[in-house]
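Contents: one structure, followed by commentary.
Rule-based calculations on the coordinates, nothing more; no lab input. On a predicted model such as this, the values are computed, not experimentally measured, just so you know. Cβ placement follows ideal geometry from the backbone for every residue including glycine, while neighbour counts extend to all protein chains displayed.
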Amino acid sequence: MDVGPTAHNGGMKDEMVAVAAKLKAANKITVLTGAGISTESGIPDYRGPQGVWTTNPASMRLVDIEVYRSDPQVRRDAWQERLHHAAWTASPSPGHRALVDLERAGKLSALVTQNIDGLHQAAGSTAVLELHGTIREAKCLA
C-alpha cells in the first residue's frame, strides 16, 4: 500500500483512510519507527536530502563502533555531537503522540525504534524497545 508523497488525485487521502480503518480494526499493532518520525521535531534524519550523512559524510565515522573504539578523536567528536544534539531540546511530534494514543487504546503490542532521541518516551509511550540505545544513557566500553 503506497501512502507516500507520490500518491495522486486524492489517492493519498484514500490510502490514509484505508490505513486508519485497518488500525481501527486491528487488535494488536507492532510499530517500527526510524528517523522520519522525529524530523518534524527538528531532528535531522541520516540519509534524506538534508540528512546528517548526506550533508556531512564524514560523520558516519561517529557511529562506526570499530572506528569509535580505535580513534580517540572520533570519541571526542561523538561526545561533542551528543552534547549538542537536538534531542535534548526537541519535543515529540504528532506522530509520537499518535502512537501514545494507540498504546493507551490497548492496540499497541510493541513500539520498536531505531531512534536514540527519547521522544517516544517524552510523548508518553511506555513499552519502547530502542534498537540503537538512547542518547540519554551511556555504557563504558573499557
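Listed values, structure above:
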item: Residue list for the stretch 96-118, filter: of a type outside the set (V, I, T), within 15 Å of the chain's Cα centre (by Cα) and assigned to a loop (DSSP other than H, G, I, E, B); result: Q114, N115, D117, G118
item: Any hit, the stretch 76-95, residues being free of Cβ contacts under 8 Å to residues at least 60 places away in the same chain, in contact with a strand residue (DSSP E or B) (Cβ under 9 Å, 6 or more places away or on another chain) and assigned to a loop (DSSP other than H, G, I, E, B); result: no
item: Test for A87: is it in contact with a Phe, Trp or Tyr (Cβ under 9 Å, 6 or more places away or on another chain) and either buried (at least 17 other Cβ atoms within 10 Å of the Cβ) or closer than 29 Å to A20 by Cβ (or both); result: no
item: Test set (1) free of Cβ contacts under 8 Å to residues at least 60 places away in the same chain; (2) under 16 Å from A123 (Cβ atoms); (3) part of a helix (DSSP H, G or I) - I37 fails condition number; result: (1)
item: Every residue from the stretch 35-67 that is loosely packed, with under 12 Cβ neighbours inside 10 Å and among the charged types (D, E, K, R); result: R47, E66
item: Conditions (1) within 23 Å of G118 (Cβ to Cβ); (2) assigned to a loop (DSSP other than H, G, I, E, B): number failed by P49; result: (1)
